[in-house]
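Okay, so here's the structure we're looking at.
The values are calculated or read from the model by the stated rules, or taken from the named source; none is laboratory data. None of these values were measured; they are calculated from a predicted model. Here the Cβ positions follow ideal geometry from the backbone for every residue, glycine too, while neighbour counts run over all protein chains shown.
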Amino acid sequence: MKTVLITGAAGFLGSHLSDRFIAEGFKVIGVDNLLTGDTDNIAHLFGNPNFKFVHHDITEYNFFAEDIDYILHFASPASPIDYLKLPIQTLKVGSLGTHKILGLAKEKGARYLLASTSEVYGDPLIHPQTEDYWGNVNPVGSRGVYDEAKRFSEAMTMAYHQYHGVETRIIRIFNTYGPRMRLHDGRAIPNFIRQALKGEPVTVYGDGSQTRSVCYVDDLVEGIYRLLMSDEVNPVNIGNPSELTMLDLAKEIIELTGSDSKIVFEDLPQDDPKIRQPDITRAKEILGWSPKVDRKEGLEKTIADFRKRLS
């Protein structure tokens with residue numbers, strides 16, 4: 001039985017990955033310092049003999065006695081509300097944490113996959129975004145702590161591959177949603193759903209014309225799994241290219257929740273990207289991957305999860 005170590009395992013994506021690898025017959029070591037993660041997300045795995053949870057900060061020294069075949073590095077605050085409140089921790093987990101986890105991969109002879117992000121493209125000047133686009137990031141802006149942490153972690157990952165021969169994979173994740181997102185995550189979909197279900201005004205930033213392309217978590221997890229098992233070393237975008245404005249998304253969620261909420265507009269945050277859409281040609285060609293879950297279906301599942309937790 002092979003073993004996979006997942007950093008950030010108690011987070012939204014980490015918990016869904018833990019489920020997938022358990023289902024695929026792996027042993028899973030889940031590591032999280034619970035800065036933004038929550039053990040509620042993985043509580044259902046605690047009795048499973050193939051799951052082990054380690055409460056640990058990966059920016060500190062790591063020791064694991066087990067043989068490890070795969071490492072997925074998903075530890076990081078990932079929402080603007082988090083990394084604006086935790087700027088140093090965000091930079092540390094992307095730099096020191098990435099360095100230490102790559103060192104562990106080297107020591108164990110493990111294949112390593114980095115969770116990077118579409119935020120490496122910043123406020124993009126090309127549309128849609130392809131993997132060979134270098135991005136338009138403000139390194140000293142408020143979002144720079146996250147964007148540059150991920151850009152550094154990509155560079156460090158590639159250096160370990162080229163210099164130490166570590167088997168590495170890099171995924172650039174575009175906006176993803178689904179059950180287990182934090183109720184007060186601060187990102188658009190959790191905000192809209194929570195506000196709509198509570199009958200509060202739904203907050204849209206700017207005039208709502210900025211776009212995102214949102215991918216359901218099950219589709220993302222499938223893309224991650226395929227990339228890990230592939231031979232592709234260069235970054236690969238995984239996301240749903242179906243683009244829509246934030247205003248349209250807010251209206252859609254109000255309708256799906258059956259809410260009477262009204263939309264209110266607030267100022268756009270600094271350096272908020274105006275457009276975001278993945279070019280997934282590489283994922284289609286190399287991994288045979290494309291998203292399958294319709295947005296309405298995905299949102300309905302997410303709304304049901306939020307409704308249950310809010311009640």
Residues located in the range 31-62, provided they are of a type outside the set (D, E) and under 17 Å from the mean Cα position of the chain (by Cα):
V31, N33, L34, L35, T36, G37, N41, I42
Going through the range 119-144 one residue at a time, which ones are out of contact with any Gly (no Cβ under 6 Å at 6 or more places or on another chain) and surrounded by 24 or more Cβ atoms within 10 Å (Cβ to Cβ)?
E119, Q129
With respect to the numbered conditions (1) part of a strand (DSSP E or B); (2) among the charged types (D, E, K, R); (3) in contact with a Pro (Cβ under 8 Å, 6 or more places away or on another chain), which one is the sole condition not fulfilled by D147?
(1)
Which one of these does D147 not meet: (1) in contact with a strand residue (DSSP E or B) (Cβ under 9 Å, 6 or more places away or on another chain); (2) surrounded by fewer than 19 Cβ atoms within 10 Å (Cβ to Cβ); (3) acidic (D, E)?
(2)
Filtering the range 188-217 down to residues that are touching a Phe, Trp or Tyr at 6+ places or on another chain (Cβ under 8 Å) and assigned to a loop (DSSP other than H, G, I, E, B), which residue is surrounded by the most Cβ atoms within 10 Å (Cβ to Cβ)?
V214
May I ask you to list pairs of residues, at least six apart or on different chains, whose Cβ atoms are under 8 Å apart, with the first in the range 202-214 being on the phi > 0 side of the Ramachandran plot and the second being surrounded by fewer than 23 Cβ atoms within 10 Å (Cβ to Cβ) and assigned to a loop (DSSP other than H, G, I, E, B)?
G206/D267; G206/L268; G206/D272
Picking from L125, L114, L104, L84, the residue that is hydrophobic (A, V, I, L, M, F, W, C), in contact with a strand residue (DSSP E or B) (Cβ under 7 Å, 6 or more places away or on another chain) and modelled with pLDDT under 95 would be L125
Identify, by number, the condition in (1) over 18 Å from A188 (Cα atoms); (2) assigned to a loop (DSSP other than H, G, I, E, B) that A283 doesn't meet.
(2)
Got a number for residues in the range 159-187 being in contact (Cβ under 8 Å) with a residue 24 or more places away in the chain and assigned to a helix (DSSP H, G or I)?
3
With the requirement that a residue be over 20 Å from E297 (Cβ atoms) and surrounded by fewer than 17 Cβ atoms within 10 Å (Cβ to Cβ), what does the range 248-262 give you?
D260, K262
Tell me, which residue of the range 1-21 that is assigned to a helix (DSSP H, G or I) and closer than 19 Å to L104 by Cβ is nearest to the chain's Cα centre (by Cα)?
G14
